[in-house]
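Read the figures in this text as sums done on the coordinates, not as results from a lab. Because the structure is a prediction, the values reported are computed rather than measured. We place every Cβ from the backbone using ideal geometry, glycine too, and count neighbours over all the protein chains shown.
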Amino acid sequence: MSNFINLVNSIGLLDDMARQKSYIHKLHPLTKLATTLAYLIFVVSFDRYEIIGLFPLLLYPIIVLTLADIPTTFILKRLLFIEPFIIGIGILNPLLDHHIINISGFAISGGWATFISIFLKSGFTVTAAILLIATTGMDKLSYAFRILKIPRSFVLQLLLTYRYISVLMEELGQILTAYSLRAPNQKGVNHKVWGSLVGQLIIRTFERAYRVYQAMCLRGFTGEYNNGTSENLKFNDLIYFLIWVLFFIIARLYNIPMVIGSLIMGVGV
Amino acid sequence: MSHHKLEANNLHFIYPDGHKAINGLNFKIHHGESVGIIGANGAGKSTLLLLLMGVLLPSDGEIIVGDIPLTKKTLSMIRQRMGMVFQNPDDQLFMSTVYDDVAFAPRNYGLDEKEVAKRVTDALDMVGIQHLKDRAPFKLSGGEKRAAAIATVLSTQPDILIMDEPTASLDPKSRRKVMRILESFDHTKIITSHDLDMVYELCKRTIVIKNGEIVADGATTEILLNEELMNKCGLELPPTIQSCPVCGISKKA
């Protein structure tokens with residue numbers, strides 16, 4: 001049960017982090033969104049057998065993490081949550097793709113190379129997405145989406161879904177607490193009550209969401225979400241974006257670890 | 001001050017399942033009045049409040065705010081003049097900080113950020129939670145949540161404040177604090193509650209509802225001391241004026 005309470009609190013933790021005042025937090029939401037999008041595009045643009053060339057891109061999350069003062073364990077915990085799904089997606093590759101490829105002088109099966117590549121790419125992209133929310137907050141992020149002319153209904157849907165996750169979790173937490181108090185010797189929830197439990201959860205969450213919506217309407221909500229953010233892009237924002245994009249381009253065009261290795265070993269590239 | 005009056009004429013409401021929640025209510029509330037609406041569970045109090053705010057639309061009859069009948073077209077204008085605090089503050093607080101929650105309505109009404117900031121500061125000062133403005137609402141205590149929920153409504157500077165069970169689930173100190181906040185609001189107040197002591201202290205007029213009908217409407221001091229009426233409506237005398245449980249002396253006398 002405490003896991004659920006932790007989960008609900010962790011959603012609030014993202015909002016808490018987004019309210020910090022670091023250099024990264026002060027950047028315009030659009031800058032952070034554009035930089036993250038550029039990062040994602042460059043990460044996924046690498047060849048499916050590429051492993052070594054991906055490593056320089058680790059610099060982006062490390063620097064953002066440090067400058068924004070976000071605890072590393074916070075990101076790692078969330079990554080651990082997502083990694084089983086990634087393993088599930090890529091685990092068949094080593095079994096299906098047996099042809100041998102050469103990476104920096106090491107012979108490795110193509111299946112293992114693609115699996116490691118998927119693992120790294122998803123880890124990098126998920127970290128970048130978490131960092132974006134943890135340094136910007138969903139409210140300001142939706143403001144950036146609106147600047148990009150993303151349809152109002154889509155942005156609103158995203159924002160309310162994010163808000164309703166905590167509503168859903170709270171209701172689920174209450175139901176599970178009530179269940180566990182009347183079934184003290186059981187591990188988990190008996191499969192016989194899964195149906196009624198999920199039904200209860202949906203009805204209760206729906207009713208709660210409806211009351212929240214009523215409260216919004218009574219305070220003048222007509223479909224346009226206004227969070228009061230109206231910041232202008234600054235010179236700093238432009239420099240931040242350009243430096244990162246330049247770095248991503250260099251990392252994409254040149255295999256930086258190989259170049260460094262060659263320079264150290266004194267071998268021409 | 002006729003623009004602040006609230007009137008219900010022959011008000012009826014039937015839920016989709018056929019349950020008749022409100023059966024022909026008639027009343028008029030004038031500017032500055034504080035009115036308590038009491039009744040047993042299921043009497044129709046919460047439904048009445050939802051009707052007054054236009055969340056539900058009457059099956060029959062009409063509601064007039066000022067001189068404007070409440071219809072779908074006038075809803076937005078009327079809601080700017082009336083504020084409702086829900087029974088459960090968790091339903092009312094949905095933003096990531098208390099500040100953003102209190103600023104939600106002023107921003108929706110198109111005020112500029114300077115005016116929004118002023119409204120938020122004033123509302124938070126009124127309920128005494130200025131220090132909580134950057135906190136996440138779900139991390140607040142019950143009393144703090146209630147104060148924040150009231151602030152979200154006060155920031156719209158309503159002419160009429162409607163509250164559903166404002167003191168429910170509060171500890172004695174928090175309850176007293178909420179009562180002081182309500183006391184300081186000098187416009188029209190409509191409060192539904194089972195906390196009859198609070199109604200006795202804050203409301204000069206009381207409307208008693210039973211099965212969706214008005215059973216009594218008059219001075220609180222008369223209605224709440226009418227033991228026969230209270231028993232008939234599934235209620236009791238307010239605890240502060242019941243007989244002393246130790247010596248048995250009636251405080252009513």
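Based on DSSP H assignment, which helices of chain B show an axial Cα extent of at least 15 Å together with a mean Kyte-Doolittle hydropathy greater than or equal to 1.6? None pass (Cα extent of 15 Å or more, hydropathy at least 1.6). Extending 7 Å from Cα along the Cβ direction at A:I249 and again at B:H12 yields two label points whose distance is 7.4 nm.
Kirkwood's formula applied to the C-alpha pairs of the protein assembly as shown gives a hydrodynamic radius of 27.1 angstrom. If you run the Gaussian network model on chain B, springs between alpha carbon atoms under 10 Å, then out of B:D217, B:D164, B:D67 the most flexible one is B:D67. From its DSSP helices (H runs of at least four residues, each -39,500 (n - 2.57)), chain B gives a residue-normalised ellipticity at 222 nm of -9500 deg cm²/dmol.
Estimated from the Cβ-Cβ distance and a Förster radius of 56 angstrom, the FRET efficiency linking A:I147 and B:K20 is about 0.65. Look at the alpha carbon pairs under 8 Å that are at least 6 residues apart: their mean separation over the length of segment B:116-227 gives a relative contact order of 19 percent. Can you flag which of A:K121/B:K139; B:K28/B:K114; B:K118/B:K177 are past 32 Å Cα-Cα? Pairs exceeding the cut-off: A:K121/B:K139; B:K28/B:K114. In whole angstrom, segment B:1-137 maps to an equivalent ellipsoid with semi-axes of 31, 18, 14, each derived as √(5λ) from the alpha carbon gyration tensor and ordered largest first.
Using only DSSP helix segments of four residues or longer, with each worth -39500 (n - 2.57), what per-residue ellipticity at 222 nm results for chain A after dividing by its residue count and rounding to 500? Value at 222 nm, helices only: -23500 deg cm²/dmol. Rounded to two decimals, the Cα-based Rg/Rh of chain B, with Kirkwood Rh, is 0.98. With the cut-off at under 17 Å, measuring from each backbone N in segment A:144-159 to a point 7 Å along the Cα-to-Cβ line of A:E231 picks out A:144-148.
Let me check against my output: what whole-number percent is the relative contact order of chain A, with C-alpha pairs under 8 Å and at least 6 apart? Relative contact order, chain A: 33 percent.
Span-like helices, chain A: DSSP H, alpha-carbon axial extent 15 Å or more, mean Kyte-Doolittle 0.0 or greater, which ones? Within chain A the helices that satisfy the rule are A:2-18, A:29-44, A:72-90, A:110-136, A:152-182, A:194-218, A:235-253. Only Cα pairs under 8 Å and 6+ residues apart enter the sum, and on that basis the relative contact order of chain B stands at 24 percent. Springs join every pair of Cα atoms under 10 Å in this Gaussian network model of chain A, and among A:F106, A:F115, A:F81 the largest mean-square fluctuation is at A:F106.
With R₀ fixed at 60 Å, the C-beta to C-beta distance from A:I264 to A:Y164 puts the FRET efficiency at about 0.65. With the convex hull drawn over the C-alpha atoms of chain A, the volume per residue is 185 Å³. Considering only beta bridges that DSSP places wholly inside segment B:2-241, some 55 percent are antiparallel. Please find, in a Gaussian network model of chain B (springs between Cα atoms separated by less than 10 Å), the residue of B:Q130, B:Q242, B:Q92 whose mean-square fluctuation is greatest. Looking only at B:Q130, B:Q242, B:Q92, the largest GNM fluctuation is found for B:Q242.
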